[in-house]
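> Submitted below is the structure of interest, expressed as structure tokens.
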Number of protein chains: 2
Amino acid sequence: MSKADFKAVILAGGSGERFWPLSTPERPKQFLRVFGGESLIRQALARLDGLVSPEDAFVVTTKSLVAATRKELPEVPKGNIVGEPMRRDTGAAVALGVGMAAQRGWKPRLQTEGGDDPVIGFFSSDQMVAKPKEFRKVVRKAVALARRKDAIVTIGIKPGYPATCFGYISPKTRTFVEKPDAEKAKKYVKAGYLWNAGMFIARTSVFRGAFAAHAPELEKLANIGASAKSIAPAGLARLYAALPKISFDYAVMEKAKNVEVVPGDFGWDDVGSFAAFDKYFPHDSRGNVREGPCNVVEAEGNICVARSARISLLGVKNLVVVTTPDSVLVADKSRLTEMKRLFAKH
Amino acid sequence: MSKADFKAVILAGGSGERFWPLSTPERPKQFLRVFGGESLIRQALARLDGLVSPEDAFVVTTKSLVAATRKELPEVPKGNIVGEPMRRDTGAAVALGVGMAAQRGWKPRLQTEGGDDPVIGFFSSDQMVAKPKEFRKVVRKAVALARRKDAIVTIGIKPGYPATCFGYISPKTRTFVEKPDAEKAKKYVKAGYLWNAGMFIARTSVFRGAFAAHAPELEKLANIGASAKSIAPAGLARLYAALPKISFDYAVMEKAKNVEVVPGDFGWDDVGSFAAFDKYFPHDSRGNVREGPCNVVEAEGNICVARSARISLLGVKNLVVVTTPDSVLVADKSRLTEMKRLFAKH
């Protein structure tokens, strides 16, 4: 397929809470860079290499993060990186992405299919993919399917375990189910359900039709590119102020009938918390993951990230210890889901 | 008793390891100041108030700590604070203290007893005493006994529990026993043994006689004040270089026959590790002891000392977490006895 037939939108919101203090509201998760690697958002862009050129890559982020995002992704045209004036969940972010991607950069050209109705794919800025080649293969398949059918194609991840932190998709009924409890999760996995990784791929017209049918309050946003030449900040702010906070799953995917599922198995993870470090980074002989000056005596299974002062661990187990010049976090690994509670007290 | 009949020597060595990173080799335990309180060495001096005036208080410390000690105790005459040129354990420190206290400041005067043979008491710079009034009462008793008898009087602490980290004294046989194992400790407590708190009180002549009899290699040091007017640093260094590393307990007390024991029960503790904080400082409702900005969520029984960056604890139990600008310590409370192992790796 020609590159411009497909455009990718990276959704890069993120509050920075779950990786605090490494990430903060000013430098949320997608900017996370650990163990000498690239930031998650750079990885998200690099992963699309060969599928879209930087000119066809877009980022929807929050207003306050536009400058940092442009700095992090200098190869993406500045105008392709837009900040939402306020948080309105993924419903609004996808709608804005559709409006933007349809409007900018793209020029009609001779094509065997698609015409001026490019396929747009939505991806998250803060996920890990262990097998990017396989990822691209699956995305290509999904894009082809999206072009062929009047459907929103979602990539469902083959579950590695009965996770309770992801929604699921039934590939047979093509229905979305929300994050389950442990018992339900086991049933879902047994029944062949896939993880909902928040990857949605469809033609522009299909997205617009879905908003019109199921979330008319978001339709205007999705149609921005169809009329206006540019998005005036004041106009966008007015539009947003009136929008509901609603996820794209809930606003559209749970209602749409024209859903297709392409299964994927490419070592996907949403890097939901520090616990993910255990999967991605090397351990010492006692199961500690370390970055920076970490002095470890009789300590096991800890994640130790020293970004300022030297950390010394003595006899402790299964902790996450992170230091920055401003903050020190000491958390039990099993309690990472409660990270948000630290902020209520700040 | 008249003040000048009694002189006190504070032994202030200390390597700073057990309270690292709050204490360091440059600022060892005796300078530890927590929860808005005074340093341990200031407390040691203040505790003697009414027993000795600052002119009759002496400090034996290490060479590198003389300046810091003089700054911490400005009311003590500079010449009363002396630094050992090298570490030679408490045997040498007590001998030097005897030599110093006999030499300086003290002037013969009309007395009903004692003459120019003042009683000298040795105390540690890094201990806590919950009931200083009771402490002074016991010390007065010990001083009177020391003046009356040709004996070294030791104050034995009534054990609060069968500690394995202290030596014991049998008040009946007046014999010293070293740090026992748990089983022996129980037996000692049952038999009425007392903790050896390292407090020794005797007339100058008695100390000198004991060194002459049991540790002649230390006799010269104890006799310094008897001849010379001042201690020349080079002479002291030469003297020390030839000395054995030996504790006063081992060099003298375990061999001496003229030992008297005065029992004491004044809330004594040697503040051996961070665990002592649990005894001396107030707890929050979940048993955490906190100093500085410590944000605590579902965390229990921790000692949290924030001297630089804010500490956030999430779901952790029984840890010691200490931050300084240079270092962060995260240790399990039950492993504090292994603190030294951190330094082997530094």
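The values are calculated or read from the model by the stated rules, or taken from the named source; none is laboratory data. All values derive from a computational prediction rather than experimental measurement. Cβ placement follows ideal geometry from the backbone for every residue including glycine, while neighbour counts extend to all protein chains displayed. Each accessible area value is taken on the protein alone, full model and side chains, heavy atoms only, with ligands, DNA and RNA left out. Shrake-Rupley method; radii C 1.70, N 1.55, O 1.52, S 1.80 Å.
> Could you give me the percent of Cα pairs per 10 Å distance bin for the stretch B:8-73, shortest bin first, beginning at zero and ending with the bin that holds the maximum distance?
All Cα pairs considered, the percentages come to 21, 55, 22, 2.
> List the distances, in nm to one decimal, from the label point of A:P54 to the label points of the same position in every other copy, shortest first, placing each label point 7 Å from Cα along the Cα-to-Cβ direction.
Spacings between copies for this position, smallest first, are 6.9 nm.
> Got a sec? Charge dipole of the stretch B:242-332, +1 on Cβ for Lys and Arg, -1 for Asp and Glu; which of B:L313, B:W268, B:N258 is way out at the positive end?
After comparing all options, I get B:L313.
> Additional query: Rg to Rh for the stretch B:113-163: what is it, with Cα atoms only and Rh by Kirkwood?
Value, to two decimals: 1.02.
> While we're on this one: Looking at this model, which pairs from B:K172/B:K340; A:K63/A:K184; B:K190/B:K317; A:K179/A:K257; B:K149/B:K190 are more than 26 angstrom apart at the alpha-carbon?
B:K172/B:K340; A:K63/A:K184; B:K190/B:K317; B:K149/B:K190
> For chain A, with the dipole built from +1 on Lys and Arg beta-carbon atoms and -1 on Asp and Glu ones, taken about the Cα centre, which of A:P293, A:P171, A:P28 lies farthest toward the positive end?
Ranked along the dipole, the leading option is A:P171.
> Right, another one. What is the calculated FRET efficiency for A:E298 to B:R286, with r their C-beta to C-beta distance and R₀ = 41 Å, to the nearest 0.05?
Using R0 = 41 Å, I get an efficiency of 0.95.
> Starting from a label point 7 Å past Cα on the Cβ side, list the distances from B:E75 to the same position in the other copies, nm, shortest first.
Counterpart label points of B:E75 in the remaining copies fall at 7.2 nm.
> Give the cross-link partners of A:K186 among the aspartates and glutamates, using a straight C-alpha distance below 20 Å as the criterion and excluding same-chain residues fewer than 8 apart.
Qualifying aspartates and glutamates at Cα under 20 Å: A:E178, A:D265, A:D269, A:D270.
> With viscosity set to 1.306 mPa s and temperature to 10 °C, compute the Stokes-Einstein D of chain A, Rh being the Kirkwood radius across alpha carbon pairs; µm²/s, no decimals.
Taking Rh from Cα pairs, D becomes 75 µm²/s.
> At what distance in angstrom do the alpha carbon centres of the stretch A:260-298 and the stretch A:184-219 lie from each other?
The distance from the Cα centre of the stretch A:260-298 to that of the stretch A:184-219 comes to 28 Å.
> Might you report the magnitude of the Cβ-based charge dipole of the protein assembly as shown about its Cα centre, with Lys and Arg at +1 and Asp and Glu at -1, to the nearest 20 debye?
Dipole of the protein assembly as shown, to the nearest 20 debye: 40 debye.
> So for the pair A:E55, A:K137, with labels modelled 7 Å out along Cα→Cβ, what separation do we get in nm?
Placing both labels 7 Å along Cα→Cβ, they lie 3.0 nm apart.
> Answer rounded, prolate or oblate for the stretch A:217-324, using the Cα gyration tensor with square roots of eigenvalues a ≥ b ≥ c: rounded when a/c is under 1.5, else prolate when a/b is larger than b/c, else oblate.
Because a/c hits 1.5 or more and a/b exceeds b/c, the stretch A:217-324 counts as prolate.
> Okay, next question. If you keep only loop residues by DSSP, which GluC sites (Glu not before Pro) in the stretch A:175-249 have at most 14 other Cβ atoms within 10 Å of their Cβ?
Passing both the DSSP loop test and the Cβ count: A:E178.
> Which value in nm describes the separation of the simple spin-label points at B:E254 and A:K179, placed 7 Å from the Cα toward the beta carbon?
6.3
> Averaged over all directions, how much area does the convex hull of the C-alpha atoms of the protein assembly as shown cover when projected, in nm²?
With the hull built on Cα positions only, its mean projection is 37.2 nm².
> Can you compute the FRET efficiency between A:A232 and A:A212 using 1/(1 + (r/R0)^6), with r the Cβ-Cβ distance and R0 = 22 Å? Round to the nearest 0.05.
Values: r = 23 Å, r/R0 = 1.05.
E(calc), rounded to 0.05, equals 0.45.
> Using the Cα centre of the stretch A:193-297 as the reference point, and only Cβ charges (+1 on K/R, -1 on D/E), how large is the resulting charge dipole? Debye, rounded to the nearest 20.
520
> Let me ask something else about it. Could you estimate the translational diffusion coefficient of the stretch B:168-289 from the Stokes-Einstein equation, with Rh from the Kirkwood formula over C-alpha pairs, at 25 °C and 0.890 mPa s, in whole µm²/s?
In µm²/s, the coefficient rounds to 139.
> Turning to a different aspect of this structure: Can you work out the accessible area per residue across the stretch A:286-346, with the rest of the protein chains kept in place, probe 1.4 Å, in square angstrom?
I get 37 Å² per residue for this part.
> Can you give the calculated 222 nm mean residue ellipticity of the protein assembly as shown, where each DSSP H run of n ≥ 4 adds -39,500 (n - 2.57) and the sum is split over every residue, rounded to the nearest 500 deg cm²/dmol? Before the final figure, lay out each step's value.
Numbers: 22 runs with 190 residues, N = 692.
Value at 222 nm, helices only: -7500 deg cm²/dmol.
> Oh, and also: Counting Lys and Arg as +1 and Asp and Glu as -1, each charge on the Cβ, what is the dipole of chain A about the Cα centre in debye, to the nearest 20?
Value, rounded to 20: 400 debye.
> In the stretch B:257-346, if the dipole is taken from +1 on Lys/Arg beta carbons and -1 on Asp/Glu beta carbons about the Cα centre, which of B:P282, B:C304, B:S327 is farthest to the positive end?
So the residue we want is B:S327.
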